[in-house]
Amino acid sequence: MNRWKLLWRLMPLLAVLALAGCGDPSISAIDPQGPVASEQFFLMKLSLAVMIFVFAVVMIIYIYVLVRYRKKKGQDQIPKQVEGNHVLEIIWTVIPILLLIVIAVPTIKYTFEHSKDLREEEGVVHIKVTAHQFWWQFEYPDNNINTAQDMYIPVGKRVALELTSSDVKHSFWVPALAGKIDTNPGMSNIMHLQADKPGIYRGKCAELCGASHSLMDFKVVAVSEAEYNQWVEGKKTPAKVTADTAKGEQVFKDNCLSCHAVGGEGAGLGPNLNGFANRTEVAGVLPHDAASVKKWIQDPQAQKPGTKMPKVNLNEDQVDQLVKYLETLK
Ligand code: CUA
């Protein structure tokens, strides 16, 4: 095989390494940003180390035997035939058992630890996550907050998540903070996570759930405890309507309110839009600016195929007023 052909055959492997997103701390499972992700990364390294060890030992013995016992010049007779060797059989049974124990003990320990229900524990932030086609709802029962797409958490504190789905099966995944967990309609799954440093950690839906599965992104926004408390307080004060935004508010009431709430309670069919102006992206897929909001309102299907948000019949001026109003929902 010539060199180029070999390189071509290695391409898929190189592509996997390139696509693994190594190094981007906002979405990398191999650059953990919290204790849960770190413990899970430890399990990955441990299993990989054991596998590399087994591979190396097998290859060394294999190559040794291949070289040592190959047919020599002038050797015509059949070598001595060996059938069964108790010592060897015991060795290659016991070593794998020991290796499995080495992997199993910490894996079982962390599996139970990471699925512990911390909702009732002191100092833990409790968030209810509901997956929808194709967005994420976040409720903070202790603070009466109902929001979407950006999940605010305080740095250095454990966050207990209770996850479910309103329609099909989705999977909640923030690679930098914790492994994924399914969200199933009609039942709740439990997990917890923690961020050690402030930052925006990207989350993904990790279960094929429809046409816009790959666009079902969200963010975990980790902020200092003071900023978090400020955010919680801010959610209690409704956005101020000025003469400038009154027209937009009316457009909203006439066309959007049947699906989108803006206050603390009630999600309706679509995401609750409180704090909308502070969200990092529009619908999780467009950069947050007035042009994107407009683009989204005018044709949601073009941005997120299969979304339940309908195209609303509004003229150019109404859309502009509506965008102006939405940008006051801080
Ligand atoms: Cu939700 Cu994929």
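Read-outs: derived from the displayed coordinates by stated rules, not from any lab. Please read all numbers here as calculations on a predicted model, not as lab measurements. Cβ atoms come from the backbone with ideal geometry, glycine included; neighbour counts cover every protein chain shown.
FRET efficiency for ASN229 and LEU98, Cβ-Cβ distance as r, R0 = 56 Å, nearest 0.05?
After rounding to 0.05, the efficiency reads 0.65.
Grab the Cα-Cα distance for ASN85 and LYS71, subtract it from 0.36 nm times how many residues apart they are, and report the gain in nm with one decimal.
Working it through step by step, the gained length comes to 2.8 nm.
Amide H to amide H, which residues 5 or more places from ILE153 or on other chains are under 5 Å from it, using H placed in the peptide plane?
Answer set, sorted by chain and number: VAL221, ALA222, VAL223.
Run the quick spin-label model on GLU316 and ALA49: label points 7 Å from Cα toward the beta carbon, then report their separation in nm to one decimal.
My value for the distance between the label points is 6.5 nm.
Label-point separation (nm) for THR237 and TRP4, each offset 7 Å from Cα along Cα-to-Cβ?
6.8
What list of ³J(HN,Hα) couplings, whole Hz, do you get for region 254-259 from phi and the Karplus terms 6.51, -1.76, 1.60, once you set θ to phi - 60° and write x for glycine and proline?
Result, ordered by residue: 6, 10, 10, 4, 5, 10 Hz.
Among 244-252, 312-320, how do they line up from the highest to the lowest mean number of other beta-carbon atoms within 10 Å?
244-252, 312-320
Under 5 Å between amide hydrogens, which residues at least 5 positions from HIS170 or on another chain qualify, with H placed 1.01 Å from N in the peptide plane?
Those qualifying (amide H under 5 Å, at least 5 residues apart or on another chain) are THR183.
Would you report the distance distribution of C-alpha pairs in region 246-326 as whole percents per 10 angstrom bin, up to the bin with the largest distance?
Whole-percent P(r) values from 0 Å outward: 18, 57, 25, 0.
Using the Cα atoms as the points, what is the convex hull volume per residue of the chain in Å³?
Details: hull volume 63.8 nm³, N = 330.
Value for the chain: 193 Å³ per residue.
Checking the a/c ratio against 1.5 first, then a/b against b/c, what shape does the Cα gyration tensor give for region 166-269?
oblate
Taking the Cβ-Cβ separation of TYR110 and TYR64 as r and a Förster radius of 56 Å, what is the calculated FRET efficiency to the nearest 0.05?
Given R0 = 56 Å and the Cβ-Cβ separation, E is 0.90.
Please list the three semi-axes, largest first and in whole Å, of the ellipsoid equivalent to region 1-154, using sqrt of 5 times the eigenvalues of its alpha carbon gyration tensor. Numbers along the way, then the final one.
Values: eigenvalues 525, 122, 26 Å².
In descending order, the three semi-axes are 51, 25, 11 Å.
For region 246-326, how many pairs of lysine residues have a Cα-Cα distance under 21 Å, where the two are 8 or more positions apart or belong to different chains?
18
Order by neighbour count: MET59, MET216, MET309, fewest other Cβ atoms within 10 Å first, most last.
So the ranking, lowest neighbour count to highest, is MET59, MET309, MET216.
How many angstrom lie between the C-alpha centres of region 137-198 and region 275-330?
24
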